[in-house]
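Engineer: One structure coming up, written as structure tokens, with questions to follow.
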Amino acid sequence: MDDITVARALHVVSVVLWIGGVAFVTTVLLPAARLLKAPQERMQLFDQIERRFAWQARLSTLIVGLTGFYMLYRFDMWDRFRHGAYWWIDAMIAVWMLFTVMLFVLEPLLLNRWLLAQSKLKPDATFRAVAWLHRILLFISLVTVLGAVMGSHGLLLFE
Ligand code: HEM
């Protein structure tokens, strides 16, 4: 069982690094950029700072996925996907997939360039869209963390 405890600890530490970073970007970096920079410069500042976070997020996403699937396999929890009370397992995988596609596929291939181009044409609207996207992602992630901690420790809602 020690291996599962280690996997759980690595899972949680990586979630903290990753979702903590998303929270920082959403509640500190984006509002600060809005306050301190003119509309045309906001996306550039955001892009430069967020680029550094992207690698931290990619690594933590990878560890969260590996440790998460390892726990599913070791606990043999596959039948949980059939019960609504374990919605938080589906939510964890959905959040993970969403970020994985964004961080590993969309961002490097097109999103970054597209956003910078859009921000030259419509700086204010693009910045607002980016801020809203982050708020929504943070909200979904935090609801998932709440459900996962309560559920892992025996409090199952919607039973
Ligand atoms: C591939 C994606 C993921 C898989 C397969 C996965 C799987 C798991 C499993 C099997 C557990 C243990 C459940 C139990 O003890 O009953 C767990 C716990 C947890 N997971 Fe995930 N997870 C994934 C992604 C995520 C994400 C994206 C988050 C955060 C948004 C997250 C946050 C947590 C938290 C906070 C716990 C509770 C730890 C505790 O209090 O003991 N996981 N996960």
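The values are calculated or read from the model by the stated rules, or taken from the named source; none is laboratory data. It should be emphasised that the depicted structure is a prediction, and the values quoted were computed from it without experimental measurement. Neighbour counts run over all protein chains shown; Cβ positions are idealised from the backbone, glycine included.
Engineer: If you go through region 1-58 one residue at a time, how many are touching a Lys or Arg at 6+ places or on another chain (Cβ under 6 Å) and charged (D, E, K, R)?
Structural biologist: Final tally of qualifying residues: 0.
Engineer: Continuing with this model, one more query. Suppose we filter Arg80, Arg58, Arg113 for residues that are assigned to a helix (DSSP H, G or I) and loosely packed, with under 15 Cβ neighbours inside 10 Å; which single one remains?
Structural biologist: Of Arg80, Arg58, Arg113, the one residue that is assigned to a helix (DSSP H, G or I) and loosely packed, with under 15 Cβ neighbours inside 10 Å is Arg113.
Engineer: Please find, among Gln40, Gln48, the residue that is touching a helix residue (DSSP H, G or I) at 6+ places or on another chain (Cβ under 8 Å), of a type outside the set (Asp, Glu) and in a helix (DSSP H, G or I).
Structural biologist: Going through Gln40, Gln48 in turn, the sole match is Gln40.
Engineer: Kindly indicate whether Val149 is of a type in the set (Val, Ile, Thr), surrounded by 15 or more Cβ atoms within 10 Å (Cβ to Cβ) and near the ligand (Cβ under 9 Å from one of its atoms).
Structural biologist: No.
Engineer: Looking at (1) buried (at least 17 other Cβ atoms within 10 Å of the Cβ); (2) over 15 Å from Ile19 (Cα atoms); (3) at pLDDT 95 or above, which one does Ala129 not meet, given that it meets all the others?
Structural biologist: (1)
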